Every structure is written in structure tokens, then in C-alpha cells.
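Taking it in order: structure first as C-alpha cells, then the write-up.
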Amino acid sequence: MRNVTETVKQLIIVNVLFFVGTLAIGDAAYKILALYFPENPDFQLWQPLSHMFMHGNFMHIFFNMFALYSFGSALEQMWGSKKFLFFYISCGLGAALLHTGVNYYYFQDGLNTLVSNGFEKQDILQLLNEGKIDTRWQEFISVSDFQNFTSAFVGTAVGASGAIYGIIVAFAFMFPNAELALMFIPVPIKAKYFVPGLVLVDLYLGISGKSIFGGGGIAHFAHVGGAFFGFIIMWYWKKNQFNKNRWN
């Protein structure tokens, strides 16, 4: 791959190998390596890390790896491989943390509502573990809250998107005036405006439960989590660099 740095190249190769492996193995691979809700019996301690190398389909991995190729090499050239890899993994873990935290809120909110209306927590968890629901639950929880409650428990998260969002936030920090564009936005926009706008769109879609393309299954809060942790790390590094330069 032309002009690609070593760590970025290795990450792309590893992601592609995982994707090809999941095509061969099938759902069993996702059950082991995708990120499950912590109270789900399929949750494993390695999943906050392993889910970063799993992807749902070809377009999913293509866009993530294209973004990694497009933005990651410039950062690795400036930082070095170890610092870049630390940043990448940290943003991916941060994405998993926020995604899980939001799911925990949705699940506990629904669970508390049901318990307060006479349902036993143990019975609720048992049904969910069996992939079932009690239709009476819908009498006490709104449609959207019920969907959030059940999907938080049974749903999974896969993909490098959280880490990628951290990468593009870092790119905007380092190259704020670089012009970026999406396929459906023909006018280039400077990174310092493009990236915050992209994150705000994800935040809105996550809160509203809507989708631009009418589909579902996108972990918007994982995107926001990766961007948030990327921002915090960049802010910390920039602050420390400023203080270091100030006192030297």
C-alpha cells in the first residue's frame, strides 16, 4: 500500500484477516468476539478489545479501513508507531465504554420500570437470556424505551468505527485547515468544522434513534465515545506540550 505507515498497514491487515475469518466461521465468531452487554451470558472480558477488529459486512470494513488509511498514516508519521497504536486502542476502548454505559442506562431504566410494576428481576433476566420477552412488559414501557431496553441486552457491537472517530478527531487537531469532503457533499469543508459536525450528527442520531439512510444497527454512541476519548487525549497531550514548552 502506497504511502501507508507500518502500524496502519498492520492494523488494516489484521482487520481484513478477522473479516475473512468471520466469513469462514460465521456467527460463532461474532458470538465470541463481538461486544455484548455485561449482564448478557455471552459477554467476555476480551470483547471490548476484540470487537474493534470485527465488522458486519464489506461496506462496514471498507469505509473504516479507508478512513484509517486516509488519516492514520499522517498521524503515525508525526507520533511514531507506539504512540499511534496507544491512541487507536484507547479510542476504541473509550467507544466501547460509552456504548456500554448508554446501554446500561437504557437497560436499567426499563428493568426498574418493570420491577416497580411487579415483575421479578430474576424472571426478566431469565427470559432475556433465553431470547424471549413477556408481552405484558410493553404495557408499562413505551415503544422506543422497550426497543432500547431489549436491544441493550441482546444487541452486539462490532467495528473499528470508535477508534476511527478518534483518529479523525486527532487529524482535525493536527491539521485543522485540511479540506475534507463526503461523497454526498461536493463542497470541501475544513477539518475543524467537518469533524465536529460529523460527531454532532452522530450524537443527534444516537439520542433520537433516527437514521439518515433509514436503516438501523449503527452504534452511534460508540462513534461519539471514540471521538470524545480522542478529544480528551489530544487535549491532554496538547496541554502538556504547552506546559513543557512554557517552562523550558
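Applying the criterion of being touching a helix residue (DSSP H, G or I) at 6+ places or on another chain (Cβ under 9 Å) and of a type in the set (A, V, I, L, M) to the residues of the range 129-143, the residue that is most open to solvent (accessible area, probe 1.4 Å) is Ile133. Pairs meeting the criteria (first residue in the range 33-52 and in contact (Cβ under 8 Å) with a residue 24 or more places away in the chain and open to solvent by 70 Å² or more (accessible area, probe 1.4 Å), second residue among the aromatic types (Phe, Trp, Tyr) and part of a loop (DSSP other than H, G, I, E, B), beta carbons under 6 Å, at least 6 apart or on different chains) are lacking. Test Ile164 against the criterion of being of a type outside the set (Phe, Trp, Tyr), at negative phi and within 19 Å of the chain's Cα centre (by Cα), and give yes or no. Yes; evaluated as a whole, the condition is true for this residue. When Ala181 is tested against (1) outside any helix (DSSP H, G or I); (2) under 30 Å from Val14 (Cα atoms); (3) open to solvent by 70 Å² or more (accessible area, probe 1.4 Å), only condition (3) is not met. Residues in the range 1-32 that are over 30 Å from Gln126 (Cβ atoms), surrounded by 15 or more Cβ atoms within 10 Å (Cβ to Cβ) and not β-branched (Val, Ile, Thr) were compared, and the one that is farthest from the chain's Cα centre (by Cα) is Lys9.
If you go through the range 2-35 one residue at a time, how many are at negative phi and outside any helix (DSSP H, G or I)? I'd like the intermediate steps shown before the answer.
If we filter the range 2-35 for residues that are at negative phi, which is where we start, we get 2, 4-25, 27-35.
Going one step further and asking which of them are outside any helix (DSSP H, G or I), we end up with 2, 4-5, 34-35.
So the answer is 5.
The values are calculated or read from the model by the stated rules, or taken from the named source; none is laboratory data. The structure displayed is predicted, hence computed values, not measured ones. When we count neighbours, we look across all protein chains shown, and the Cβ atoms used for this are built from the backbone with ideal geometry, even at glycine. Surface areas here come from the heavy atoms of the whole protein model, side chains and all, with no ligands, DNA or RNA. Shrake-Rupley method; radii C 1.70, N 1.55, O 1.52, S 1.80 Å.
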